[in-house]
1. Fewest to most neighbouring Cβ within 10 Å: what's the order for PHE34, PHE82?
2. Net charge within 12 Å of GLY47 by Cβ-Cβ distance, Lys/Arg positive one each and Asp/Glu negative one each, not counting GLY47 itself?
3. Label points 7 Å out from Cα along the Cβ direction at ALA26 and SER79: separation in nm?
Amino acid sequence: MTRLTFLVLLSALLASEGMAQSDDAAYCKKLGDFATRYLGDPGGNGGTRPDFDIMEGISKCNKGNTAAGIAILEKKIRSKGFTPPAR
């Protein structure tokens, strides 16, 4: 009985960890899109392009280092007087 209980708890823990990573990745993308849209430099065709700080944050997110990417993007957004979007 204890072995089964342990396996159930372990699988629940692993599932919740995977969901948290997925949530962080989605939030990271949301921050990158927000920062590019509202803080980016004017680009061609009326759009915007990210500056170097935004690109670094997005790059870290894409490489799986979501904690660092989120920190960079949130800091950039706040430094320009905006409130980061909700998770």
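Values quoted throughout were computed directly from the atomic coordinates according to the rules given, and no laboratory measurement underlies them. Treat the numbers as computed from the prediction; the structure is a model and nothing was measured. Cβ atoms come from the backbone with ideal geometry, glycine included; neighbour counts cover every protein chain shown.
1. On the way: PHE34 17, PHE82 14.
Fewest-to-most Cβ neighbours within 10 Å comes out as PHE82, PHE34.
2. Details: positive: ARG37, ARG49; negative: ASP41.
Computed value for this residue: +1.
3. 2.9
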